[in-house]
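The values are calculated or read from the model by the stated rules, or taken from the named source; none is laboratory data. Since the model is a prediction, treat every value here as computed from it, not as a measurement. Reconstructed Cβ throughout: ideal geometry from the backbone, glycine too, with neighbour counts over all protein chains shown.
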Amino acid sequence: AAIEYGLDAPYTVEYHDSIGSTNDRARELAADGDRDVVVVADEQTGSRGRLDRSWVAPSGGIWASAVLQPSLPAAHVPLVTLAAGVAVVDACRSVGVEATLKWPNDVLVGDDTADSQRGGLKLAGILTEMEGEADRVSWLLVGIGLNANIDGDALPAGATSLREQVGDVDRRAVLQTTLESLSTLLDASETVLDRWREYSSTLGREVRVDTGREQITGRAVDVRFPGALVIDTDSGEEVVHAGDCEHLRPA
Ligand code: BTN
């Protein structure tokens, strides 16, 4: 069912019962100069995931895109993406779901490397987009897709929802917690990597990261500013800035 979102500061809300993609709408607002606004929808009909994948977004989820204007260089944007993952995990834990983060910011539940999400069931994903110069970001949008009050059979294989884990939640409260946490993290960006490490299910694991150009296999040992994964491989240490990460064996 459709719901009305009314959030407290720091963001104003533009709510849609149904929309193509909240990220696309947020882009329009960003281009018009709007900031500190979050586009929220009950359902999305054309939502996008990372790496040009589609994202299933039926009624009942938390589909939201926040338009931000952080005063940081473009090279630091990966830190915001990690912060968004931490914020979503904070919100999931506030309703009793022990979610973890797979690098860079997949929000997972459980630890079953045998299933299709290569490290757990996927509860939420984040798609960050930006525009700006190297030394300054003109706008940044953080798209958050959290499978909230959705039946398992409406989700893709390898996904789960808050409903499946703990029953239905107050979506407004969960989004409020997420955005408050994100805002706090962005105001104290020096805390982000430690908070991320605390929630990570990737560190200490054997992983394979597909960077688009090569596959790097080894043990994930740390995350490094502004958001790179440090991997111990047979041929030494590799630092990966972007890619698709797979957990190879159970922890
Ligand atoms: C991923 O691939 O893991 C990222 C998924 C991001 C989905 C969210 S839902 C709200 C926002 N609007 C979109 O079209 N995508 C993001």
Condition check for residue 71: loosely packed, with under 14 Cβ neighbours inside 10 Å, among the small types (Gly, Ala, Ser), more than 9 Å from the ligand (Cβ to nearest atom) and in the same structural domain as residue 134 (by TED's automatic domain parsing): yes
Residue list for region 39-60, restricted to those being more than 6 Å from the ligand (Cβ to nearest atom) and either at pLDDT below 95 or in a loop (DSSP other than H, G, I, E, B) (or both): 45, 46, 51, 52, 54, 56, 58, 59, 60
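Is it the case that residue 17 is surrounded by fewer than 22 Cβ atoms within 10 Å (Cβ to Cβ), within 11 Å of the ligand (Cβ to nearest atom) and within 20 Å of residue 155 (Cα to Cα)?
Details: surrounded by fewer than 22 Cβ atoms within 10 Å (Cβ to Cβ): yes; within 11 Å of the ligand (Cβ to nearest atom): no; within 20 Å of residue 155 (Cα to Cα): yes.
Judged against the criteria, residue 17 is not a match.
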Matching residues in region 203-251 - criterion: being more than 17 Å from residue 104 (Cβ to Cβ), among the hydrophobic types (A, V, I, L, M, F, W, C) and surrounded by fewer than 14 Cβ atoms within 10 Å (Cβ to Cβ): 251
Report every pair of residues separated by at least 6 positions or lying on different chains whose Cβ atoms are under 6 Å apart, first residue within region 10-28 and part of a helix (DSSP H, G or I), second more than 10 Å from the ligand (Cβ to nearest atom) and among the aliphatic types (A, V, I, L, M). 26/67
I'd like the full set of residues that are surrounded by fewer than 23 Cβ atoms within 10 Å (Cβ to Cβ) and farther than 18 Å from residue 204 by Cβ, limited to region 82-108. 90, 93, 94, 95, 96, 97
Do we have any residue at all in region 180-188 that's outside any helix (DSSP H, G or I) and within 17 Å of residue 110 (Cα to Cα)? no
Which number in (1) touching an Asp or Glu at 6+ places or on another chain (Cβ under 6 Å); (2) farther than 23 Å from residue 165 by Cα; (3) assigned to a loop (DSSP other than H, G, I, E, B) marks the one condition that residue 141 misses? (3)
Does residue 192 satisfy the condition of being part of a loop (DSSP other than H, G, I, E, B) and out of contact with any Gly (no Cβ under 7 Å at 6 or more places or on another chain)? no
